[in-house]
Every structure is written in C-alpha cells, then in structure tokens.
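Visitor: Okay, handing you the structure first.
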Amino acid sequence: MKKKGVVLAATLALAAFARAGAVQDMKQTGSELLGYYSTMYEALVADSAARVAESAARIASAARSHGSQSRDKATYDSLAAAAEKVKGEDLKALREQFKGLSVAMDAFLRRAGTQGWSLYYCPMADGYWIQTAEGVRNPYYGASMLRCGDKVPGVTGG
C-alpha cells in the first residue's frame, strides 16, 4: 500500500512539473508570436503593407507547430486560423483582417500569461489591437488618425 502511495505522489509531481513546463513553453511562444505581431502592427501604423502578410504567415506556422503538441491546442489553432486570413498587399484589406487576428492574439496572450503588452480599442474602426508601448498608435488609420482609440482598462500582460 505504501508503494502505491509513493508511486501516486511521484506521478502527481511529474504531472505538475510537466504542466509547469507547458505553461512556461506557452509564455515563451507568446513572446515569439508577439514579436511577429508587433512587426505587423508597426507596418500598419506606418501605412505600409510591407511584411504584414509575411509576419502573419509566421504567426500561423509557429502556432501550428507549437500547438501540435500542446494541451492548449485549441488556443493555438484559433490563433493560427486568424493569422492565415491575413493575406495580400492591399492595406485596407490587411487592416480589416488584422482585427480578427488581434482578437485571437489577445486571447492567446492572456492564456499564455505573456507579459509586456496592452490592449487598445478604436471605436471608429471598431477594432482592437495590441501594443507593447504606451500611448495610442492606431494601426487602423495610421497617420490620418494615429491617436484615435483608447487603452482598454485592466487588460495588460504584465
């Protein structure tokens, strides 16, 4: 009986350790994906389509790769699906596609516990976005309405 208790305790400890490792992996992945997202965001703020679709493809690929072995596969799959919709060179279309990706990225970063970001919202565009720096810089209107929008209170990573 004592032997079964020791085995059970060891199994539970290993499971907790594995879960902690999975959470840490997800946080690291979140930082990687936030970097790709930030590249897209900065391009849109600058009224440019350069590297937006390429960065979205990297988010999709990394999310599919990391998610294939994760307990949070559905979270990764949702992010990958949103990123796969961001395609083309048309700035207006990319900005519209960026809305769905931003919502999925917010959900992912919250789940992952990724730090160093805040959520913003523009009522004119009816869209959210994520920033890693303070001060409104709207990706939906770029230079024409750079300061349109507000930080969503209470939603930050870190």
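Visitor: Considering only residues that are surrounded by fewer than 17 Cβ atoms within 10 Å (Cβ to Cβ) and of a type in the set (S, T, N, Q), look in the stretch 123-158 and name the one that is farthest from residue 92 (Cα to Cα).
Guide: Checked the stretch 123-158; the qualifying residue farthest from residue 92 (Cα to Cα) is 156.
Visitor: What number of residues within the stretch 82-98 satisfy the criterion of being farther than 10 Å from residue 59 by Cα and either of a type outside the set (Lys, Arg) or in contact (Cβ under 8 Å) with a residue 40 or more places away in the chain (or both)? Spell out how you get there, then give the answer.
Guide: We begin by selecting, within the stretch 82-98, every residue farther than 10 Å from residue 59 by Cα; these are 85-98.
Going one step further and asking which of them are either of a type outside the set (Lys, Arg) or in contact (Cβ under 8 Å) with a residue 40 or more places away in the chain (or both), we end up with 86, 88-91, 93-98.
Adding up the residues that qualify gives 11.
Visitor: Right, another one. Could you pull out the residue among 115, 69 that is open to solvent by 40 Å² or more (accessible area, probe 1.4 Å) and closer than 19 Å to residue 36 by Cα?
Guide: Numbers: 69 fails: closer than 19 Å to residue 36 by Cα.
Testing whether each residue is open to solvent by 40 Å² or more (accessible area, probe 1.4 Å) and closer than 19 Å to residue 36 by Cα leaves just 115.
Visitor: Tell me yes or no: at least one residue of the stretch 135-143 is part of a strand (DSSP E or B) and at pLDDT 95 or above.
Guide: Filtering the stretch 135-143 for residues part of a strand (DSSP E or B) gives none.
The answer is no, given that none of the residues of the stretch 135-143 is part of a strand (DSSP E or B) and at pLDDT 95 or above.
Visitor: Open to solvent by 60 Å² or more (accessible area, probe 1.4 Å), hydroxyl-bearing (Ser, Thr, Tyr) and at pLDDT 95 or above, is that true of residue 120? Break it down into steps so the answer makes sense when it comes.
Guide: Values: open to solvent by 60 Å² or more (accessible area, probe 1.4 Å): no; hydroxyl-bearing (Ser, Thr, Tyr): yes; at pLDDT 95 or above: yes.
Answer is no for this residue.
Visitor: Kindly indicate whether residue 104 is free of Cβ contacts under 8 Å to residues at least 40 places away in the same chain, open to solvent by less than 60 Å² (accessible area, probe 1.4 Å), at negative phi and out of contact with any Asp or Glu (no Cβ under 8 Å at 6 or more places or on another chain).
Guide: Working: free of Cβ contacts under 8 Å to residues at least 40 places away in the same chain: yes; open to solvent by less than 60 Å² (accessible area, probe 1.4 Å): yes; at negative phi: yes; out of contact with any Asp or Glu (no Cβ under 8 Å at 6 or more places or on another chain): yes.
So residue 104 fits the description; yes.
Visitor: Against the conditions (1) at pLDDT 95 or above; (2) closer than 19 Å to residue 31 by Cβ; (3) touching a Ser or Thr at 6+ places or on another chain (Cβ under 9 Å), where does residue 56 fall short? Just the number, please.
Guide: (3)
Visitor: Here's another thing I want to ask about it. What number of residues in the stretch 82-99 are out of contact with any strand residue (DSSP E or B) (no Cβ under 9 Å at 6 or more places or on another chain) and crowded, with 17+ Cβ neighbours inside 10 Å? Give the derivation first.
Guide: Keep residues of the stretch 82-99 that are out of contact with any strand residue (DSSP E or B) (no Cβ under 9 Å at 6 or more places or on another chain), which gives 82-94, 97.
If we keep only those that are crowded, with 17+ Cβ neighbours inside 10 Å too, we end up with 82-84, 86, 94, 97.
Count: 6.
The values are calculated or read from the model by the stated rules, or taken from the named source; none is laboratory data. As the structure is a prediction and not an experimental result, all values here were calculated from the model. All Cβ positions, even for glycine, are placed from backbone atoms using ideal geometry, and neighbour counts span all protein chains on display. These area figures cover heavy atoms from the full protein model, side chains too; ligands, DNA and RNA do not enter into them. Shrake-Rupley method; radii C 1.70, N 1.55, O 1.52, S 1.80 Å.
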